[in-house]
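What follows is one structure encoded as structure tokens, with my remarks underneath.
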Amino acid sequence: MYGISLRACRVPDGRKPERQTISQQSRQGVGRFAIAPPWNQSEGKHTMSQAVAVTTGDFESQVLQSSVPVLIDFWAVWCGPCKMIAPHVDAVASEYEGRVKVLKVNVDEEPEIAGKYGIMSIPTLLFFKGGKVVDQVVGAVPKSTITSKLEGLLG
């Protein structure tokens, strides 16, 4: 399982990562992952294609008051393992549309939410039901792990 500690994060040459724009990262690659990131920018926030970005302002209405189970992916632009798990999260968002809300929290843009839930490593997936955290997965995991946790919540 792959994951990145937010406290001890270093890029391959040993220095701490710097915040960069998506275009800067696309040109030079991120760490040893020299691929263009699959992110798009929507209203200044980094989001993935299928999952919806959640902010501190709409967290309560989107997550805590949700009538369906919620999966939240805590991630960051510079996180290699987050890029590994992103296609799985996108696929789950499509497959469970209407039955589960799939949201994303960029820990660099929304540190209050990450701090509130004690997110120390990314990627971290939190599973909510009835406004409470009922399960958690840390690190890059196979899609089957995510779907089995969701099926448990829905079952």
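A few remarks follow.
- With respect to the conditions (1) part of a loop (DSSP other than H, G, I, E, B); (2) loosely packed, with under 15 Cβ neighbours inside 10 Å, residue 66 lacks only one, and its number is (2).
- Every residue from the range 120-147 that is over 26 Å from residue 65 (Cβ atoms) and part of a loop (DSSP other than H, G, I, E, B): 120, 139, 141, 142
- Residue within the range 121-131 that is of a type in the set (Phe, Trp, Tyr) and either surrounded by fewer than 19 Cβ atoms within 10 Å (Cβ to Cβ) or more than 19 Å from residue 50 (Cα to Cα) (or both) present: no
- Residue satisfying condition, being more than 18 Å from residue 150 (Cβ to Cβ), among the aliphatic types (A, V, I, L, M) and modelled with pLDDT of 95 or more, within set 113, 35, 85: 113
- Condition broken by residue 145, with the remaining ones in (1) touching a strand residue (DSSP E or B) at 6+ places or on another chain (Cβ under 7 Å); (2) in contact (Cβ under 8 Å) with a residue 12 or more places away in the chain satisfied: (2)
The values are calculated or read from the model by the stated rules, or taken from the named source; none is laboratory data. Please read all numbers here as calculations on a predicted model, not as lab measurements. Glycine gets a Cβ as well: all are built from the backbone with ideal geometry, and neighbour counts include every protein chain shown.
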